[in-house]
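First comes the structure, then the notes that go with it.
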Amino acid sequence: MANATDHLWMHFTRMASYSAGEVPTIVRGEGAYVWDAQGRRYLDGLAGLFVVNAGHGRTELAEAAAKQAGELAYFPLWSYAHPKAIELAERIAALTPGDLNRIFFTTGGSEAVEAAWKLARAYFKRTGKPNKYKVISRYIAYHGTSMGALSITGLPGIKSDFEPLVPGAIKVPNTNFYRAPEHGDDPEAFGRWAADEIGRAIEREGPDTVAAVFLEPVQNSGGCFPPPPGYFERVREICDAYDVLLVSDEVICSWGRLGEYFGAVRYGYQPDIITTAKGITSGYAPLGAMIASDRLMEPFLTETGMFAHGVTFGGHPVSCAVALANLEVFAREDLVGHVRANEDAFRATLEKLYDLPIVGDVRGDGYFYGIELVKDKTTRETFTEAESERLLRGFLSTALFQAGLYCRADDRGDPVIQLAPPLIAEQQHFDEIEQILRTVLTEAWTKL
Ligand SMILES: Cc1ncc(COP(=O)(O)O)c(C=O)c1O
């Protein structure tokens, strides 16, 4: 086999960092584990990339794909339908909260976010508010990499090379309670303040210009910020007051990740649009979706009306067949209930790590956690840029992997280790994660 660096251009990868070393090459998966080309086993602490929710090695999902490809490999959803897309749309509509009944399939998350922004703009153009085009999202939030989705993303480091981006993407504070400058001792007051920041941004920009607010149920980037109590309730009120659409970006947070099919259900709010992808097929084929309320489709139901948007592979028959088989597995094994039953144990196991001096905060919900690393627990002092580089990029990522745990050491916000194992994970896996983290983080502390 050719060297991985000869022709393959890996995503978000410092290619030069592999000039001397070997690229980790994963060849097989089973359950919560994957194996590399040398036969070494790793616990998949990130479900690939928040994707493989049902776990690896499910031959029934592979068989569903093969069967569909044999029957009808491809047909577009452009003025035509195929049975698996019809069936899957119906199935999804039955699981979504409220009247989120209209399913627009894409191939992934960025496309779903892109479609949601386009729908918000087109909807207001057709309902007499043509100047409503702007979107609000949170600092450090990741919403994808296509130009629209990247504009909504709040990470300057992955945007600057591509400026100027799409105009009208406004940023507001995120819900990082651990580092909250305001109301740092009162989660409810903090939640109210953070939600009201959205209202203030709408006022500043002009309510007639703002179309939508994009929020993840638990913000991933920056290290798993769950919403403070009352946050989404207040955001919903603000969106209603200003006629702004609430988009719940659940590319990670749906399909059981938070112990419900949808994160909005977990936190009890009603979005106007849900964007999803990843776990919808558990990664056995690529698929995403923008799920809109009945109200948002209405203006497009006139005789000549049309949402002028589409992608060739959106709602690919093979992907839809796999998603249906995946949801069968979810129902049969009650994977969502399994997360609810085990999430406290997962949290409790990770919280054992608080006895390490480097562990500042353990936060998240369901099977979705971030562990923030600090230089000083009492003052919450974080690492300098150079220390972060040395610790996360230079040591932790590799050391954790070598110790048998695939997860993510991320410093796009403050330095965190992120965990999102397949939803089949149970106590033995939590223990293994905790033990590997304990060993490697203890060593990391000595390297500072
Ligand atoms: C919240 C959120 N939105 C959008 C995306 C983009 O999805 P994709 O990589 O499938 O385009 C991601 C990817 O991680 C995400 O986490």
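The values are calculated or read from the model by the stated rules, or taken from the named source; none is laboratory data. Note that the structure is predicted; figures quoted are calculated from it, not measured. So basically every Cβ, Gly included, is an ideal-geometry build from the backbone, and we count neighbours across all protein chains shown. Protein only, heavy atoms only, side chains kept; ligands, DNA and RNA dropped before computing areas. Shrake-Rupley method; radii C 1.70, N 1.55, O 1.52, S 1.80 Å.
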- Roll a 1.4 angstrom probe over the protein heavy atoms and tell me the percent of accessible area of the range 1-97 that is carbon or sulfur. 59
- Note on the structure: Convex hull around the C-alpha positions of the chain: the volume in Å³ per residue is 150
- Query: Under unit Cβ charges (Lys, Arg +1; Asp, Glu -1), what dipole magnitude, rounded to 20 debye, does the range 250-311 have relative to its Cα centre?
  - Reply: 320
- For the range 317-413, with every protein chain kept in place, what is the accessible area per residue (1.4 Å probe, Å²)? 39
- Message: Projecting each Cα onto the charge dipole of the chain (Lys/Arg +1, Asp/Glu -1 at the beta carbon, about the Cα centre), which of THR442, HIS338, VAL52 comes out farthest on the positive side?
- Response: VAL52
- Note on the structure: Here the range 126-136 yields Karplus 3J(HN,Hα) values (6.51, -1.76, 1.60; θ = phi - 60°; whole Hz; Gly and Pro given as x) of 7, 10, x, 10, x, 7, 7, 9, 7, 10, 10
- Message: What's the ranking of 4-16, 382-394, 236-248 by average number of surrounding C-beta atoms within 10 Å, highest first?
- Response: 236-248, 382-394, 4-16
- Query: Rounded to a whole number, what % of the accessible area of the range 290-432 do carbon and sulfur atoms account for, probe 1.4 Å?
  - Reply: 50
- Query: Which order do peptides 314-327, 287-300 fall in by mean Cβ count within 10 Å, highest first?
  - Reply: 314-327, 287-300
- Please turn the phi angles of the range 389-396 into ³J(HN,Hα) values with the Karplus equation 6.51 cos²θ - 1.76 cosθ + 1.60 (θ = phi - 60°), one per residue in order, whole Hz, x for glycine and proline. 4, 5, 6, 7, 6, x, 10, 4
- Using only the Cα atoms, what convex hull volume per residue in Å³ does the range 73-145 have? 143
- Pull up all non-local amide H partners of GLY413: gap of 5 or more, or a different chain, and H-to-H distance under 5 Å with H placed in the peptide plane. GLY222
- List every residue whose amide H lies under 5 Å from the amide H of ILE136, counting only residues 5 or more places away in sequence or on a different chain, with H placed 1.01 Å from N in the peptide plane. ILE170, ALA212, VAL213, PHE214
- Query: Do any chymotrypsin sites (Phe, Trp or Tyr not before Pro) in the range 67-113 lie in a loop, going by DSSP, with at most 14 other beta-carbon atoms within 10 Å of their beta carbon, and if so which?
  - Reply: TYR74, TRP78, TYR80
- Note on the structure: Along the range 329-340, Karplus-curve 3J(HN,Hα) (6.51, -1.76, 1.60; θ = phi - 60°) to the nearest Hz, with x for Gly and Pro, reads 4, 4, 5, 4, 9, 6, 5, 5, x, 4, 5, 4
- Query: Which whole-number percentage describes the relative contact order of the chain, with Cα contacts under 8 Å and a sequence gap of 6 or more?
  - Reply: 21
- Efficiency of FRET between THR312 and ARG204 - r from beta-carbon atoms, R0 25 angstrom, step 0.05: 0.05
- Counting only DSSP beta bridges with both residues in the chain, what percent are antiparallel, rounded to the nearest 5? 65
- Task: Give, rounded to the nearest 20 debye, the magnitude of the charge dipole that the range 343-448 has about its Cα centre when Lys and Arg contribute +1 at Cβ and Asp and Glu contribute -1 at Cβ.
- Result: 260
- Message: Counting only helical runs of four or more DSSP H residues, what would the 222 nm mean residue ellipticity of the chain come to if each run contributes -39,500 (n - 2.57) and the total is spread over all its residues?
- Response: -11000 deg cm²/dmol
- Item | the range 379-430-the range 26-99 distance, computed between alpha-carbon centres (Å) | 26
